[in-house]
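To start, the structure itself, in structure tokens.
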Amino acid sequence: ISPVKPFAIRGAIWYQGEGNLGDGMAYFDKMKALIQGWRSVWQVGDFPFYLAQLASFRYDAPANLLPKFWEAQTASLSIPNTGMAVITDISNLADIHPANKQDVGKRLALWALAKTYGKDMEYFGPLYKSMAIEGGKIRIAFDHAGSGLASRDGQPLTWFEIAGEDKKFVKADAVIDGNTVVVSSQSVAAPVAVRFAWSQEAEPNLMNKEGLPANSFRTVLWD
């Protein structure tokens, strides 16, 4: 970046490439180093750094490798003045470079409008907050539920899985209840964990009513 150092900077947008797919949580350390390095070069404070999530795609790799990478990207939000656009709903499983970049740009713009320019608006989709076991069900609460949760296509919620102490995840029924989602399965009588969009092929339909898709998550760090 030395050639562009003399130019003024207001913020950065980062469209992540697939070359880092295998980094796992080490990606968080790389992003922290990158962001801090750029901020050190320009010496104008913690300028905004907004990144795009990797898109869903059928990689020739274990199906959970991409969700673990998404997990590391989400961890990057703990770095001051950062944001992320979730794009699992506008991916193309057969094209590593999905064509819809307009909505990617719009979602990054929402972060800038809200966090950089102070507009009062929702700028992110449902983000896992907490879980509560209620008998044979698990209730998931979210930050950024906006004006309410919804299904993007009006169909039952997809890509929710649930597991008991045996750590065997099965497809789950998931129902919106206010700003929470209640997850269950008849085959798991005593659930202890939920995961969502935990596959490289996940194109889930949970969103907030502002049209922003939910971020993938797992409630327990099992491998």
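Evaluate the charge dipole of the chain about its Cα centre and quote only its size in Debye, nearest 20, assuming +1 on the Cβ of each Lys and Arg and -1 on the Cβ of each Asp and Glu. Walk me through the intermediate numbers first.
Details: 22 positive and 23 negative charges, 121 e Å.
It comes to approximately 580 debye.
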- Query: Using unit Cβ charges (K, R positive; D, E negative) and no other charged atoms, how large, in debye to the nearest 20, is the dipole of the stretch 98-157 about its Cα centre?
  - Reply: 140 debye
- Taking the dipole of the chain about the Cα centre (Lys, Arg +1; Asp, Glu -1; charges at Cβ), the one of Val104, Phe169, Gln43 that reaches farthest to the positive side is Gln43
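Of all the stretches in the chain, which is the longest one without any exposed loop site, taking GluC sites (Glu not before Pro) in a DSSP loop (any state but H, G, I, E, B) with at most 15 other Cβ atoms within 10 Å? Please list the in-between numbers first.
Numbers: sites that count: Glu165, Glu201.
With GluC sites (Glu not before Pro) excluded where exposed in loops, the chain gives 1-164 as its longest stretch.
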- Probe 1.4 Å, protein heavy atoms only - accessible area per residue of the chain in square angstrom: 49 Å²
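In the structure shown, do any of Lys32/Lys171; Lys106/Lys167; Lys101/Lys137; Lys171/Lys209 have a Cα-Cα gap over 27 Å, and if so which? Walk me through the intermediate numbers first.
Details: Lys32/Lys171 35 Å; Lys106/Lys167 38 Å; Lys101/Lys137 38 Å; Lys171/Lys209 25 Å.
Table pairs above 27 Å Cα-Cα are Lys32/Lys171; Lys106/Lys167; Lys101/Lys137.
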- Query: Given H placed on each backbone N at 1.01 Å, which residues far from Trp14 in sequence or on other chains put an amide H within less than 5 Å of it?
  - Reply: Tyr50, Leu51, Ala52
- Have a look at Val220, Val86, Ala190 and report the one farthest towards the positive end of the charge dipole of the chain, computed about the Cα centre with Cβ charges (Lys/Arg +1, Asp/Glu -1). Val86
- Task: Determine the percent antiparallel among the DSSP beta bridges restricted to the chain, to the nearest 5.
- Result: 80 percent
- Would you please classify the overall shape of the stretch 77-152 from the alpha carbon gyration tensor, given that a ≥ b ≥ c denote the square roots of the eigenvalues, rounded means a/c under 1.5, and beyond that prolate means a/b larger than b/c while oblate covers the rest? oblate
- Treating cross-link reach as a plain straight distance, find the lysines whose alpha-carbon is under 16 Å from the alpha-carbon of Lys129, omitting any fewer than eight places away in the same chain. none
- Message: Need the full-extension length gain, Ala63 to Ile79, defined as separation in residues times 0.36 nm minus the C-alpha distance. One decimal, nm.
- Response: 3.0 nm
- How many angstrom lie between the C-alpha centres of the stretch 122-195 and the stretch 7-32? 29 Å
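Going through the stretch 29-124, which chymotrypsin sites (Phe, Trp or Tyr not before Pro) have at most 14 other Cβ atoms within 10 Å and a DSSP loop state? Spell out each step's value before the answer.
Values: sites: Trp38, Trp42, Phe49, Tyr50, Phe57, Tyr59, Phe69, Trp70, Trp111, Tyr117, Tyr123, Phe124; in loops: Phe57, Tyr59, Tyr117, Tyr123, Phe124.
Listed in order of number, the matching sites are Tyr117.
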- Heavy-atom accessible area of Val44, protein chains in place, probe 1.4 angstrom, given in Å² to nearest 10, is 90 Å²
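Report the FRET efficiency, 1/(1 + (r/R0)^6), for Lys101 and Asp166, where r is their Cβ-Cβ distance and R0 is 35 Å, rounded to 0.05.
On the way: r = 42 Å, r/R0 = 1.21.
Calculated transfer efficiency: 0.25.
The values are calculated or read from the model by the stated rules, or taken from the named source; none is laboratory data. Because the structure is predicted, anything quoted here is derived from the model rather than measured. FYI the Cβ positions are ideal-geometry reconstructions off the backbone, even for glycines, and counts take in every protein chain you see. Side chains are part of the model used for accessible areas, which takes the heavy atoms of the whole protein and leaves out ligands, DNA and RNA. Shrake-Rupley method; radii C 1.70, N 1.55, O 1.52, S 1.80 Å.
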